[in-house]
Amino acid sequence: MMKGDLLIPSLIERAEKFFPKKEVISRTGSGVQRFTYGEIGRRTRQLADKLTQFGIPRGGRVGTLAWNHHRHLELYFALPGIGAVVHTINIRLSPEHIVYIINHAEDEMIFVDEDVFPLVEAVYDKLKTVKAFVVMTDGELPDTKVPNVYSYEEWIKDGDPSFQYPDDLTEDMPAGMCFTSATTGNPKGVVYTHRSTVLHSMGLSMADSVALSEYDTIMPVVPMFHVNAWGMPYASTMLGTNQVMPGPRFTPEILAGFIESEKVTITAGVPTIWMALLKELEAKSYDVSSLRAVVCGGSAAPMGMIKTFEQTYNVPFLHAYGMTETSPLATVSRLKSYELDLPEEERFKKRAKQGILVPGLEMKVVGGGGEVAWNDEDMGELLLRGPWIADDYYKDDRGEEAFVDGWLHTGDVCTVDEEGVIKIVDRTKDLIKSGGEWISSVDLENALMAHEAVFEASVVSIPDPEWQERPVACVVLHEGKMSTKEEILDFLRPQFAKWWLPDDVIFMEEIPKTSVGKFLKRALRDQVKAHYEKQ
Ligand code: AMP
């Protein structure tokens, strides 16, 4: 067989050649704009030409501080296209972490959205390697003291629209970079290659996986600064799929509006986004009948939410699991062909699990000194390997703990059922150990969120002199709904062993979240501690 390198430019070249009329619909600061893949292809070549002229070297990193829009998509292709690395930076991190990340990656340039530019103004004098900033604006450049600032449209204008991507790129070259938050210390960098990105795009597209297709219109809500919006922009461009980019500071109303007006068929995001969308759908009527999959990952999808999407709105739901280190797609939860006739409750229960491994990857679940039995009960840490799983962190010795003997130790604890379906029970560090036995905070959270008065809930441990740790539930109620500790515990009682029941229920206005919308258990534990200290 021929040996061909798997290269990112080939993905956009395919869209240019075979799907030049298909569209990227992009919401920016000044409204919604439409571009064909033909136009995106030419603009990407102009950008690639300018980056080359600017002197971005092979392997050089260029940072982005940006939302989901067409210019960010152009950077996704132009940088790897010239052999450089697109380094997406999470705009919601603290300024200290952003400075650390840019300096650690030694970014040559930064492409920044207009509304994120104040962040650059606050930190630019601490950035050691950045030679220029390009502001992605539809209008005038902001008046600023920052040196070497260009406007994206002005900058690419005289780039060559027929620029040819170099033909000596190889598939193991670095192409993308994303930092993931560590429990303690600075974020850790993960580097994606051309090969890993192309294979991951194929992994996403398979019918038994996310099943992306040219027939779809996709709206990635998960940010392009978080694991490449789960790889959706790469896979969608490869296929010629219409992409709807929701842009800066979108609201549930904007998302629901796009679903209706653009007839979105697939959308992807974290559970907090879907909770907010459900609220919007409840408040106002939208036509969401075009949707054939709401892909949900990043945190466990509560079964109650899956049911509401499917039973109230007739919208199919797809639960998936992965992490920054895994590009991210690792598992997808679909029923097997012979499970379709199972009783409804059992089907929902299965689909609320994280699912089975995507073809191309391998897994091991290790606990108590060996691999655990596939009995849906024994817990162990999930280990993964495969061509789109990272094998180290970028210039960071913390990789030694996570990457051992060719396996990524995910830090996620799971069970495996007899069908090979994994259920993430907790992060290793979030499991609650009560009297030597494990309690899954995730199981309790999912049950709590099925209560009709509960908007969101998170469970953390508190130290206990007798049991070492005991669970405490932190609950946010829906607006206008009332409940009590006793009533919540009565609701949980029939579903769990007695010793799993939280010792307390604390009602809160809001659960602290990470920059990508996950429960921030570290901060929540501090709040719970402060709550008891006040008493
Ligand atoms: P990140 O690298 O920020 O994307 O976070 C990855 C982590 O999110 C994983 O290690 C899991 O702990 C968690 N995670 C991702 N998807 C799921 C899911 N479907 N269910 C439960 N936890 C998830």
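Taken together, the values in this text are just the output of simple stated rules run on the coordinates, not laboratory data. Not measured: the values here are computed from a predicted model. Glycine also receives a Cβ, built like all others from the backbone with ideal geometry; neighbour counts cover every protein chain displayed.
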Rounded to one decimal in nm, the spacing of the 7 Å Cα→Cβ label points at K284 and S337 is 4.4
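Of all trypsin sites (Lys or Arg not before Pro) in the range 241-294, which ones are in loop regions per DSSP and have a Cβ with at most 11 other Cβ atoms within 10 Å? Don't skip to the answer; put the middle values down first.
Details: sites: R249, K263, K279, K284, R292; in loops: R249, K263, K284, R292.
Within the range 241-294, the qualifying trypsin sites (Lys or Arg not before Pro) (loop, at most 11 other Cβ atoms within 10 Å) are R249, K284.
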Residue by residue through the range 453-463, what is 3J(HN,Hα) from phi via Karplus (6.51 cos²θ - 1.76 cosθ + 1.60, θ = phi - 60°)? Round to whole Hz and write x for glycine and proline. 8, 8, 7, 8, 8, 9, 10, 10, 9, 10, x
What does DSSP give for the chain in terms of the percent of beta bridges that are antiparallel, rounded to the nearest 5? 60
Straight-line reach only, C-alpha to C-alpha below 29 angstrom: list the lysines that K17 could link to, leaving out same-chain residues fewer than 8 apart. K3, K50, K157, K263
A student applying the Cα gyration tensor rule (rounded when a/c is under 1.5; otherwise prolate if a/b is larger than b/c, oblate if not) would label the chain prolate
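Would you please name the chymotrypsin sites (Phe, Trp or Tyr not before Pro) within the range 165-243 that are DSSP coil residues with at most 14 other C-beta atoms within 10 Å of their C-beta? Before the final figure, lay out each step's value.
Numbers: sites: F179, Y192, Y215, F225, W230, Y234; in loops: Y215, F225.
Within the range 165-243, the qualifying chymotrypsin sites (Phe, Trp or Tyr not before Pro) (loop, at most 14 other Cβ atoms within 10 Å) are Y215.
Express the relative contact order of the chain as a whole percentage, based on alpha carbon pairs under 8 Å and six or more residues apart in sequence.
Averaging sequence separation for qualifying contacts and normalising by length gives 11 percent for the chain.
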In Hz, Karplus ³J(HN,Hα) per residue of the range 294-305 (6.51, -1.76, 1.60; θ = phi - 60°; x = Gly, Pro): 9, 8, 10, x, x, 8, 5, 7, x, 4, x, 5
Can you list the HN-Hα couplings for the range 429-438, worked out from phi with the Karplus curve (6.51, -1.76, 1.60; θ = phi - 60°), rounded to whole Hz and with x for Gly and Pro? 7, 9, 4, 10, 9, 10, x, x, 10, 8
In terms of modelled amide H atoms, which long-range or inter-chain residues lie less than 5 Å from the amide H of L520? K513, T514
Given the range 358-427, report the % of alpha carbon pairs whose separation exceeds 19 Å. 35
Residue list for the range 485-503, given a label point 7 angstrom along the Cα-to-Cβ vector of A453 and an amide N cut-off under 18 Å: 485-495, 502-503
Counting sequence-distant residues (5 or more places) and residues on other chains, those with an amide H built under 5 Å from that of S434 are I439
Report the Cα centroid-to-centroid distance between the range 32-56 and the range 471-535 in angstrom, as an integer. 48
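Expressed in nm to one decimal, what extension gain is obtained for the pair E154 and S94 from 0.36 nm per residue of sequence separation less their Cα-Cα distance? Show your work: numbers first, answer last.
Details: separation 60, 0.36 × 60 = 21.60 nm, distance 3.03 nm.
That pair, E154 and S94, stretches by 18.6 nm at full extension.
State the extension gain, in nm to one decimal, for the chain segment bounded by D526 and T129, taking 0.36 nm per residue of separation less the distance between their alpha-carbons. Walk me through the numbers before you get to the answer.
Details: separation 397, 0.36 × 397 = 142.92 nm, distance 3.65 nm.
Full extension of this stretch gives 139.3 nm more.
What's the longest uninterrupted piece of the chain once you rule out the GluC sites (Glu not before Pro) that are loop residues per DSSP with at most 16 other Cβ within 10 Å?
On the way: sites that count: E106, E140, E214, E377, E418, E419, E452, E466, E479, E509, E510.
Counting only loop sites that pass the neighbour cut-off, the longest clear stretch is 215-376.
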Please list the non-local residues whose amide H lies under 5 Å from the amide H of T88, H modeled 1.01 Å from N, same-chain partners needing a gap of 5 or more. T64, M177
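Just check the range 9-250 against the gyration tensor rule for me: Cα atoms, a ≥ b ≥ c as the square roots of the eigenvalues, rounded for a/c under 1.5, and otherwise prolate or oblate depending on whether a/b exceeds b/c.
On the way: a/c = 1.41, a/b = 1.28, b/c = 1.10.
Verdict is rounded for the range 9-250.
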Restricting to Cα pairs under 8 Å and 6 or more apart, the percent relative contact order of the range 358-427 works out to 32
The chain, dipole about Cα centre (Lys/Arg Cβ +1, Asp/Glu Cβ -1), debye to the nearest 20: 740
Let me know the number of lysine pairs in the range 432-533 closer than 25 Å at the Cα, not counting same-chain pairs under 8 apart. 20
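What 222 nm value per residue comes from the helices of the chain, counting each DSSP H run with n ≥ 4 as -39,500 (n - 2.57) and dividing by all residues, nearest 500 deg cm²/dmol? Kindly include the intermediate steps, with their values, before the conclusion.
On the way: 17 runs with 160 residues, N = 535.
After summing the helix terms and dividing by residue count, I get -8500 deg cm²/dmol.
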As I understand it, the dipole of the range 432-533 uses +1 on the Cβ of Lys and Arg and -1 on the Cβ of Asp and Glu, about the Cα centre. Which of V454, S434, S483 lies farthest toward its positive end? S434
For the range 432-533, shape from the Cα gyration tensor axes a ≥ b ≥ c, cut at a/c of 1.5 then a/b versus b/c, turns out oblate
